[in-house]
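Notes follow the structure.
The values are calculated or read from the model by the stated rules, or taken from the named source; none is laboratory data. Keep in mind the model is a prediction, meaning the values are calculated, not measured. Positions of Cβ are generated from backbone atoms using ideal geometry, with glycine treated the same way; all protein chains shown enter the neighbour counts. With ligands, DNA and RNA removed, areas are computed over all heavy atoms of the protein, side chains included. Shrake-Rupley method; radii C 1.70, N 1.55, O 1.52, S 1.80 Å.
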Amino acid sequence: MIVRKLNEIIETEREVFASNGNWRSRRFLSESDRMGFSLHDTTIFAGTKTLIHYKHHVEAVYCVEGSGHVELIDEDRVIPVSAGTMYALNQHEKHYLVADTEMRIICVFNPPLSGTEVHREDGSYAELADGD
Ligand code: 9YT
């Protein structure tokens, strides 16, 4: 069994910051844990707008604090997100995540992240290499 506490993750390699400063992700489970998914406790900083397009992953997001919205780029649709909202990117939807206030979200990725990824310019994370 794997047991981890938030205070054991902070300021270790399991804590990752977006290169544009928009978010911080604390990665409880990553690929090396061999669970088939990764699990993150992520903070999206207030007033930020982040392009996200997970071409190689599906992601479920459960918002536990704060509020904002998702702007689906190809559908001209806006989805409000606040504490208690879950959304799942089951079709690799390209979108902007906009944080009106600081948002705390619990994120699950399949396939799992290796743990150190930050968004590339197109809003995606790299695909895991074969054998990872
Ligand atoms: C909702 C979302 O994907 N935000 C960006 C950070 C990501 N969840 C992560 O790596 O924790």
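Per-structure values
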| item | result |
| --- | --- |
| Flag if Gly84 is loosely packed, with under 12 Cβ neighbours inside 10 Å and in contact (Cβ under 8 Å) with a residue 60 or more places away in the chain | no |
| Region 36-52, residues that are in contact with a helix residue (DSSP H, G or I) (Cβ under 8 Å, 6 or more places away or on another chain) and under 11 Å from Ile106 (Cβ atoms) | Asp41 |
| Selection within region 1-38 - near the ligand (Cβ under 10 Å from one of its atoms) and without any contact (Cβ under 8 Å) to a residue 24 or more places away in the chain | Arg24, Arg26 |
| Selection within region 74-89 - more than 13 Å from the ligand (Cβ to nearest atom) and either within 17 Å of Ser38 (Cα to Cα) or assigned to a strand (DSSP E or B) (or both) | Arg77, Val78, Pro80, Ser82 |
| Residue in region 24-43 that is aromatic (Phe, Trp, Tyr) and within 11 Å of the chain's Cα centre (by Cα) present | no |
| Residues of region 23-47 that turn out to be open to solvent by 20 Å² or more (accessible area, probe 1.4 Å) and of a type in the set (S, T, N, Q), as a count | 1 |
| Residue that is modelled with the lowest pLDDT, among those in region 96-114 that are in a loop (DSSP other than H, G, I, E, B) and in contact with a strand residue (DSSP E or B) (Cβ under 6 Å, 6 or more places away or on another chain) | Leu113 |
| Candidates Glu59, Glu93, Glu71, Glu117, filtered to the one that is surrounded by fewer than 18 Cβ atoms within 10 Å (Cβ to Cβ) and either in a loop (DSSP other than H, G, I, E, B) or not hydroxyl-bearing (Ser, Thr, Tyr) (or both) | Glu71 |
